[in-house]
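Engineer: First, the structure itself, so that you have it in front of you.
The values are calculated or read from the model by the stated rules, or taken from the named source; none is laboratory data. What you see is a predicted model, and the numbers here were worked out from it, not measured in a lab. All Cβ positions, glycine included, derive from the backbone under ideal geometry; neighbour counts span all protein chains shown. Accessible surface areas use protein heavy atoms only, side chains included; no ligands, DNA or RNA. Shrake-Rupley method; radii C 1.70, N 1.55, O 1.52, S 1.80 Å.
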Amino acid sequence: DRYFHELALYHEDMHGEALLMTLQTLALPAPSWWQRPAAAVAAAAMDVAFDGGPCAIGASPVDARSRFVFDNEQWSHEVSLAPFAIASRPVTQGEFAAFVDEDGYARDAFWAADARAWRDRAGRAMPAHWRRGASGFESRVFDAWQPIDPHAPMCHVCAWEAEAWCAWAGRRLPTEAEWERAALAGVINVP
């Protein structure tokens, strides 16, 4: 009986998220109730290692009886994972700023051919909604420019930008299955 109530709530949440995304994209004022998140606390990143082997991803019918499950999470299936390691927290805005400062956007070696073509077409020299201010990088949050939070997770970059950062940092993006395994293990610290 709860399923349709939860579906309606989550559906409403998606509309709220779409509204906020639209306001951000169009540089419109934030809703009156919105508050900037508190400054993030510095957290050291460490790699967490996982053994390889079979791993079930997605939700099982048992999960669906005990909690809401979106249809695109149904049904679980097994994948085989090679051993991997994943960072214990997302890349921070400060870490991404170091990539920008070291001309990461201009250095073709970090960008795949299709990513370079996109970067050049878009005229990107840094993430969308970023600029250099008098005291360092600033990001546009809705219609206001504010200093980046160096400890906050990086946001508003596309997969090509994330992959370029990874190439610069000597890392790689996790696969969907790796991310799900790590998230379910509770080792990812997302503020």
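Engineer: Find the residue count for region 136-155, including only residues that are crowded, with 16+ Cβ neighbours inside 10 Å and assigned to a loop (DSSP other than H, G, I, E, B).
Structural biologist: Residues flagged as crowded, with 16+ Cβ neighbours inside 10 Å and assigned to a loop (DSSP other than H, G, I, E, B) within region 136-155 amount to 7.
Engineer: Name the single residue that is most open to solvent (accessible area, probe 1.4 Å) among those in region 63-89 being at pLDDT below 90 and under 26 Å from residue 154 (Cβ atoms).
Structural biologist: 72
Engineer: List the residue pairs whose Cβ atoms are under 6 Å apart, where the first residue sits in region 1-16 and is farther than 24 Å from residue 32 by Cβ, the second is open to solvent by less than 90 Å² (accessible area, probe 1.4 Å), and the two are 6 or more positions apart or on different chains.
Structural biologist: 6/68
Engineer: Somewhere in region 171-191, is a residue surrounded by 17 or more Cβ atoms within 10 Å (Cβ to Cβ) and over 17 Å from the mean Cα position of the chain (by Cα)?
Structural biologist: no
Engineer: Suppose the filter is open to solvent by 40 Å² or more (accessible area, probe 1.4 Å) and part of a loop (DSSP other than H, G, I, E, B); does residue 38 pass it?
Structural biologist: Numbers: open to solvent by 40 Å² or more (accessible area, probe 1.4 Å): yes; part of a loop (DSSP other than H, G, I, E, B): yes.
Considered against the rule, which asks whether it is open to solvent by 40 Å² or more (accessible area, probe 1.4 Å) and part of a loop (DSSP other than H, G, I, E, B), residue 38 comes out as yes.
Engineer: Something else about it: Do we find a residue being in contact (Cβ under 8 Å) with a residue 12 or more places away in the chain, in contact with a helix residue (DSSP H, G or I) (Cβ under 9 Å, 6 or more places away or on another chain) and among the hydroxyl-bearing types (Ser, Thr, Tyr) anywhere in region 52-65?
Structural biologist: Taking every residue of region 52-65 in turn, none turns out to be in contact (Cβ under 8 Å) with a residue 12 or more places away in the chain, in contact with a helix residue (DSSP H, G or I) (Cβ under 9 Å, 6 or more places away or on another chain) and among the hydroxyl-bearing types (Ser, Thr, Tyr).
Engineer: Here's something else I'd like to know. Just a yes or no: is a residue in region 34-43 within 23 Å of residue 153 (Cβ to Cβ) and either without any contact (Cβ under 8 Å) to a residue 24 or more places away in the chain or more than 22 Å from the chain's Cα centre (by Cα) (or both)?
Structural biologist: yes
Engineer: Something else now. Residue check: is residue 45 open to solvent by 40 Å² or more (accessible area, probe 1.4 Å), among the small types (Gly, Ala, Ser) and not in a strand (DSSP E or B)?
Structural biologist: Details: open to solvent by 40 Å² or more (accessible area, probe 1.4 Å): yes; among the small types (Gly, Ala, Ser): yes; not in a strand (DSSP E or B): yes.
So residue 45 passes the test.
Engineer: Right, something else. Out of region 18-56, which residues are farther than 29 Å from residue 77 by Cβ and among the β-branched types (Val, Ile, Thr)?
Structural biologist: Residues satisfying the conditions are 22, 25, 41.
Engineer: Right, here's the next one. What is the residue count in region 95-135 for residues that are open to solvent by less than 30 Å² (accessible area, probe 1.4 Å) and either farther than 17 Å from residue 168 by Cβ or in a loop (DSSP other than H, G, I, E, B) (or both)?
Structural biologist: Summing the residues that are open to solvent by less than 30 Å² (accessible area, probe 1.4 Å) and either farther than 17 Å from residue 168 by Cβ or in a loop (DSSP other than H, G, I, E, B) (or both) in region 95-135 gives 6.
Engineer: Write out, first by first residue and then by second, each pair whose Cβ atoms fall under 7 Å of each other, whose residues are 6+ apart or on separate chains, and whose first residue, in region 140-154, is closer than 22 Å to residue 26 by Cβ and acidic (Asp, Glu) while the second is modelled with pLDDT of 95 or more and surrounded by fewer than 17 Cβ atoms within 10 Å (Cβ to Cβ).
Structural biologist: What qualifies is 143/27; 143/28; 143/29.
This table checks each residue for (1) under 15 Å from residue 90 (Cβ atoms); (2) out of contact with any helix residue (DSSP H, G or I) (no Cβ under 7 Å at 6 or more places or on another chain); (3) at pLDDT 95 or above.
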{"position": "141", "(1), (2), (3)": "no, yes, yes"}
{"position": "145", "(1), (2), (3)": "no, yes, yes"}
{"position": "150", "(1), (2), (3)": "yes, no, yes"}
{"position": "161", "(1), (2), (3)": "yes, yes, yes"}
{"position": "165", "(1), (2), (3)": "yes, no, yes"}
{"position": "170", "(1), (2), (3)": "no, yes, yes"}
{"position": "173", "(1), (2), (3)": "yes, no, yes"}
{"position": "176", "(1), (2), (3)": "no, yes, no"}
{"position": "180", "(1), (2), (3)": "no, yes, no"}
